[in-house]
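Values in this text are rule-based calculations from the coordinates and carry no lab data. Just so it is clear, the model here is predicted, and its values are computed rather than measured. When we count neighbours, we look across all protein chains shown, and the Cβ atoms used for this are built from the backbone with ideal geometry, even at glycine.
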Amino acid sequence: MGVTHWISLASALVFLFVAILAAANAKRSPLAGPLGRTTAALFAYDALEVLRHLTDREELFYVECAAASLVAPTTAALVIRFLGEWRRLRPLVIAGASYFSLIALVCFAAVVVPALRDFPGSETWALALLAGILPEFGYLFFRLFVHARGADAAERTRTQLLVLALVLGVGGASSDLVSIAGAETPRLAALGLIASALVLAALSLRFELLERLETLAIVYACAIGAVALLAHLFFLAILGEQPTLLALLMVAVTLAAVTTLRPLLAMRSEEKARTGYLVTLGRFSAQMAHDVKNPLAAIRGAAQFLREERAQGRSIDDQDAFVELIVEQTDRLERVIADYQRLGRAEAQRAPVALRQLAREVADAQRAASPKHRIEVEVEERSESLDRDLILGALENLVRNAREATPEGARIVIRAGRAGPRTLTLSVEDDGPGMDVRTREQAFDDFFTTKATGSGLGLAFVGRVAAAHGGTAKIEAVEPRGTRVVLSLAIEG
């Protein structure tokens, strides 16, 4: 093999390592999925190029062109997920994926349709790819520039390295496409991809492109990557004259390597999530038991008294107070059960609520739990039509989250105000380390948590409370550091 092909083989191995690493982290990082798909596509492209050179089989060239066509949409999805704009820019992802998938489909079809064999690797193919790559990635580079300007130092470093990886990878591949299209330019794809692979690996390991990456995952990724490499070399040695079977087996080995870690490491993540969920469920059950225990005790006491009176042969006709007590406590039990059902569904039952008093109640309770935090209330004396229990639960969740995310002595502020004649805003702000954009985008999803023992239900409940009041919940970054969670609630004018 020539130097170029050795470089392609080296970059393929690095991409395979990063893909396996992403698979190992799939349960814990929102970037793991798109990063794994991107690096797997890049591995396939580089591996097919080396395999085609070794076997000199034409059909592998068509598959290689198809793999090259699929790199752009997976990379774009990775960038959009990194920016934390997946929901807003999802139409861009779908449009790009549809366009490039169509090109890849034509290349795949060329294996069995002779009339299409002039398209893969042709000037038309290169121009079609450039027509999709240049506008899509031009816009994404602009979004990354804007993102870096408003980010903290650590996030800015990650953004700059991701931009560098894109410039090397996309720029190198584009140079080859421009050359295929007929321009006199050097072909830099091989060098660009190996450099991009190394930057992505460094970004994943050293600069935390994948959050909460564990040493065990890295060790597993290295071990499985080594086994996959040996398997590739073994099949190459014994099936070098059967390129179609060889390609299928190499793809199978790659897919097996990428998916092997998921059951191994997902088990630990699921156990943590299940433990957190059970802890939350246990606390919920304990509180419910406490609320039910008192009326049951009163009912039992009244019933025992009446039974004893009858056992002694005395009339209970004049014991109306105990009968009324049983009825009252039964009604109380029904209200408790209804309240818990309503809290689970987050259905709002509005009534006038004194906001300042409510905020002070939350602040006092949280100060008692953590006296060293500075929990302040900036709420005017006013009354609004809200569901007091739901708002109380939402504010308690937000202040507790802020308290747990910030060091002792940090400042936490509860605020309220009108954002219009029919909109009330409630916010909890802290001066802690803040959240990155990817965490903010997923924070209100059920069971999503960044805490080792978290249940992932707190912010999801807050989001449902806002929706139950006809409003929304959002998380904002506070400059120079900190986080603000804002509930915008619809109220009567």
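Arrange the following residues from fewest to most other Cβ atoms within 10 Å of their Cβ: L424, L489.
L424, L489
Would you mind computing, in nm to one decimal, how far apart the modelled labels at T157 and E378 are, each placed 7 Å from Cα along Cα→Cβ?
Inter-label distance under the simple model: 3.2 nm.
How high is the FRET efficiency between S385 and A148 when r is their beta carbon distance and R₀ equals 56 Å, given to the nearest 0.05?
It comes to 0.80.
List the relative contact order of region 364-427 as a percent without decimals, with contacts defined as Cα pairs under 8 Å and 6+ residues apart.
It rounds to 40 percent for region 364-427.
How are the Cα pair distances of region 67-191 distributed, in percent, across 5 Å bins from 0?
Once binned at 5 Å, the Cα pair distances of region 67-191 give 2, 10, 19, 20, 18, 13, 9, 5, 2, 1, 0.
In nm, give the distance between the simple-model label positions of R87 and R422, each being 7 Å from the Cα along the Cα-to-Cβ direction.
2.2
Return the distance in nm (one decimal) between the two label points of a simple spin-label model at E309 and V3, each offset 7 Å from Cα along Cα→Cβ.
10.4
Show me 187-199, 118-130, 59-71, 366-378 ranked by packing, highest mean number of other Cβ atoms within 10 Å first.
Sorting 187-199, 118-130, 59-71, 366-378 by mean packing, highest first, produces 59-71, 187-199, 118-130, 366-378.
At 0.36 nm per residue, minus the direct Cα-Cα distance, what do S370 and E479 gain on full extension? Give it in nm, one decimal, please.
Contour length minus the Cα-Cα distance gives 36.8 nm.
Ordered by packing density, taken as the mean number of other Cβ atoms within 10 Å over each peptide's residues, highest first, how do 412-423, 41-52 rank?
Highest mean packing first, the order is 41-52, 412-423.
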